[in-house]
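Chemist: Mind having a look at this structure? Questions to follow.
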Amino acid sequence: MKVIFHDRFYEVYTSDPAAAAGRMEAVVQALGNEFEFVKPPPAAEEDLALVHTPDHIASIKRSNRIYEVGILSAGGACLAAEFAWMGQPAFGLIRPPGHHASPDSCWGFCYFNNMAIAVKKLMKKNQVNQALILDFDLHFGDGTENSFAGIPQVEYFHPEGANAQEFVKGIQKHFDRAQNFDILAVSAGFDRHVEDWGGLLTTEDYRRIGALVKTYSQKACQGRRFAVLEGGYNHSVLGQNVRFFLEGMKD
Ligand SMILES: [Zn+2]
């Protein structure tokens, strides 16, 4: 399984928790030598424009530093999607996150919608007709939903649950009901962990979710699956959570 990562993701590009020092280090360290790391190219402006308005792109460009790391993050999602399309599961260990970035606005530590750009790029190349996006971050990905408004071929699913068992079961039930899709894309936020903001899921639950992603993608779309990092802010557990999720999801 490929892990898409760039050294510039270590940079503290703002003062928000997604950009905090030590966050990427914690994950890289937890993944050890188990996964092959691949460096992404930056996304081209025409890729950004598949989702975002010229005004939005121009507004992000006002900060060089955020723009530069932002296009690498979007490029990382695109590369993960490309690997998935070619039959190799992949994880974009990227930041800034993206699911609160809408076509013309953004908030919540997000600038460009990495996931939406990656899926739209596959659709533009006519590689993908239908996509299912699972977003298990604590927060609803309003930006992703807005990016696919009026595009019924892309389904955005944000599970909820009163406890961990219900939450994981809800994902399974949704996959059982899901119609055809050509790729299963995952916005993987780890801020619902028992020791993070959401206080719900254990590290083992992330392995279960990863395994569901693998099983259902194999049933529906020849195993074509990828994930990108969204939230997750407790550095002492984030690395393990990512590792367990990838262990469930990998071949
Ligand atoms: Zn979140």
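Chemist: Looking at this structure, is TRP85 farther than 20 Å from ILE57 by Cβ and either within 16 Å of the ligand (Cβ to nearest atom) or at pLDDT 95 or above (or both)?
Modeler: yes
Chemist: Inside the range 134-147, can you point out the residues that are over 14 Å from PRO97 (Cβ atoms) and in contact with a Phe, Trp or Tyr (Cβ under 6 Å, 6 or more places away or on another chain)?
Modeler: LEU134, GLU145
Chemist: If you go through the range 29-52 one residue at a time, do you hit one that is away from the ligand (no atom under 16 Å from the Cβ), part of a helix (DSSP H, G or I), open to solvent by 20 Å² or more (accessible area, probe 1.4 Å) and without any contact (Cβ under 8 Å) to a residue 12 or more places away in the chain?
Modeler: So far as the range 29-52 goes, yes, one or more of its residues are away from the ligand (no atom under 16 Å from the Cβ), part of a helix (DSSP H, G or I), open to solvent by 20 Å² or more (accessible area, probe 1.4 Å) and without any contact (Cβ under 8 Å) to a residue 12 or more places away in the chain.
Chemist: Please list, ordered by first then second residue, the pairs with beta carbon atoms under 6 Å, 6 or more apart or interchain, first in the range 207-233 and touching a residue at least 12 places away in the same chain (Cβ under 8 Å), second assigned to a helix (DSSP H, G or I) and within 16 Å of the ligand (Cβ to nearest atom).
Modeler: GLY210/PHE245; VAL228/ASN114; VAL228/MET115; GLY232/LEU238; TYR233/PRO17
Chemist: Kindly provide the set of residues from the range 36-54 that are more than 18 Å from the chain's Cα centre (by Cα) and among the aliphatic types (A, V, I, L, M), ordered by number.
Modeler: ALA44, ALA49, listed by residue number.
Chemist: Could I ask something else about it? Return yes or no: is PHE83 open to solvent by 10 Å² or more (accessible area, probe 1.4 Å), within 24 Å of ALA26 (Cβ to Cβ), in a loop (DSSP other than H, G, I, E, B) and touching a residue at least 40 places away in the same chain (Cβ under 8 Å)? If you could, list the steps in order and put the result at the bottom.
Modeler: Details: open to solvent by 10 Å² or more (accessible area, probe 1.4 Å): yes; within 24 Å of ALA26 (Cβ to Cβ): yes; in a loop (DSSP other than H, G, I, E, B): no; touching a residue at least 40 places away in the same chain (Cβ under 8 Å): yes.
So PHE83 fails the test.
Chemist: Go through the range 96-108 and give me each residue that's more than 13 Å from GLY189 (Cα to Cα) and either among the aromatic types (Phe, Trp, Tyr) or under 14 Å from the mean Cα position of the chain (by Cα) (or both).
Modeler: Within the range 96-108, ALA101, TRP107 meet the criteria.
Chemist: Let me ask you something else. Say whether the condition of being farther than 27 Å from ALA164 by Cβ and hydroxyl-bearing (Ser, Thr, Tyr) is met by at least one residue in the range 133-144.
Modeler: no
Chemist: Same structure again: Determine, yes or no, whether PHE226 is surrounded by 20 or more Cβ atoms within 10 Å (Cβ to Cβ), under 17 Å from the mean Cα position of the chain (by Cα) and of a type in the set (Phe, Trp, Tyr). Before the answer, list the steps.
Modeler: Details: surrounded by 20 or more Cβ atoms within 10 Å (Cβ to Cβ): yes; under 17 Å from the mean Cα position of the chain (by Cα): yes; of a type in the set (Phe, Trp, Tyr): yes.
So PHE226 fits the description; yes.
Chemist: Another question about this same structure. Considering only the range 91-135, how many residues are among the basic types (Lys, Arg), within 15 Å of the ligand (Cβ to nearest atom) and either outside any loop (DSSP other than H, G, I, E, B) or open to solvent by 10 Å² or more (accessible area, probe 1.4 Å) (or both)?
Modeler: 0
Chemist: If you don't mind, another one. Cβ-Cβ under 8 Å, sequence separation 6+ or interchain: first residue in the range 178-202 and over 20 Å from LEU138 (Cβ atoms), partner at pLDDT below 95 and open to solvent by less than 40 Å² (accessible area, probe 1.4 Å). Which pairs?
Modeler: From residues that are over 20 Å from LEU138 (Cβ atoms), the pairs are ASP182/VAL128; ILE183/VAL128.
Chemist: Looking at (1) surrounded by 23 or more Cβ atoms within 10 Å (Cβ to Cβ); (2) out of contact with any helix residue (DSSP H, G or I) (no Cβ under 6 Å at 6 or more places or on another chain); (3) over 30 Å from GLN29 (Cβ atoms); (4) not β-branched (Val, Ile, Thr), which one does GLN153 not meet, given that it meets all the others?
Modeler: (1)
Chemist: May I ask you to list pairs of residues, at least six apart or on different chains, whose Cβ atoms are under 8 Å apart, with the first in the range 151-165 being in contact (Cβ under 8 Å) with a residue 40 or more places away in the chain and the second being surrounded by 14 or more Cβ atoms within 10 Å (Cβ to Cβ)?
Modeler: Short answer, once both residue conditions are applied: ALA164/LEU200; ALA164/LEU201; ALA164/THR202; ALA164/ASP205.
The values are calculated or read from the model by the stated rules, or taken from the named source; none is laboratory data. Owing to the predicted nature of the structure, the values given are computational and were not obtained by experimental measurement. No Cβ is skipped: glycine too gets one built from the backbone with ideal geometry, and neighbour counts run over all protein chains shown. For accessibility, only protein heavy atoms count, side chains too; no ligands or nucleic acids. Shrake-Rupley method; radii C 1.70, N 1.55, O 1.52, S 1.80 Å.
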